[in-house]
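Written out below as structure tokens is the structure these notes cover.
The values are calculated or read from the model by the stated rules, or taken from the named source; none is laboratory data. A quick note: this is a predicted structure, and the numbers were derived from the prediction, not measured. Cβ: placed from backbone, ideal geometry, glycine included. Neighbour counts: every protein chain shown.
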Amino acid sequence: MELSTATADEYQSLLLKISDAYTRGQVRAHQAVNIQLLETYWEIGQYIVEFEQGGQTKAEYGKALLNNLARDLTLRHGKGFSRSNLIYMRLFYVRYPIGEMPSHLLSWSHYVEFLKIDNELERRFYEQQRSQSGGQLLS
């Protein structure tokens, strides 16, 4: 079926509106997932820290705790609970107290890289640079 020029223009406009709505929806969905993931990882870090601080045999059990959690959580939930990821979740909670919740513009991958930086001033600088670029890599 062939469309008249006016109808073709209207159709193109409709196509563009639908495509734009779909793209905006995808972006919002990704942002919502990212926000929830960051909040969940922060909460997991909180649970680990609180457990460690409450334990009487913290020094003895500390090394085994993350190994045990990594094994058991991976069995229950699959990927995402390696020992190193649990270390980063714990550090995420420690370095970002509730009053300093991190930017939701950045992903967990960004924060893992930032958590490797021990100097707080340097870490905050890179976070701010990355946030201002909308999470994009800076050259």
Out of all the residues in the range 92-100, is one or more under 24 Å from PHE125 (Cβ atoms), modelled with pLDDT of 90 or more and under 14 Å from the mean Cα position of the chain (by Cα)? yes
So HIS110 clears everything in (1) buried (at least 17 other Cβ atoms within 10 Å of the Cβ); (2) of a type outside the set (Lys, Arg); (3) at pLDDT 80 or above; (4) assigned to a loop (DSSP other than H, G, I, E, B) except one condition, right? Which one? (4)
Could you check the range 70-89 and list, in sequence order, the residues that are part of a helix (DSSP H, G or I), under 17 Å from the mean Cα position of the chain (by Cα) and small (Gly, Ala, Ser)? SER84
For the range 8-57: of the residues being exposed (fewer than 11 other Cβ atoms within 10 Å of the Cβ) and among the charged types (D, E, K, R), which is nearest to the chain's Cα centre (by Cα)? ARG28
Could we say that GLN128 is closer than 23 Å to ALA29 by Cβ, surrounded by fewer than 13 Cβ atoms within 10 Å (Cβ to Cβ) and either touching a Pro at 6+ places or on another chain (Cβ under 9 Å) or at pLDDT below 85 (or both) here? no
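Consider GLN31 carefully, then state whether it is among the polar types (S, T, N, Q), at pLDDT below 95 and closer than 20 Å to SER109 by Cβ. Working first, answer last.
Details: among the polar types (S, T, N, Q): yes; at pLDDT below 95: yes; closer than 20 Å to SER109 by Cβ: yes.
Here the answer is yes, as GLN31 does meet what is asked.
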Checked pairs for the range 24-39, first closer than 18 Å to ARG95 by Cα, second outside any helix (DSSP H, G or I), C-beta under 6 Å and 6 or more apart or across chains, list as ILE35/HIS104
Of the criteria (1) among the β-branched types (Val, Ile, Thr); (2) surrounded by 12 or more Cβ atoms within 10 Å (Cβ to Cβ); (3) modelled with pLDDT under 90, which one THR5 fails: (2)
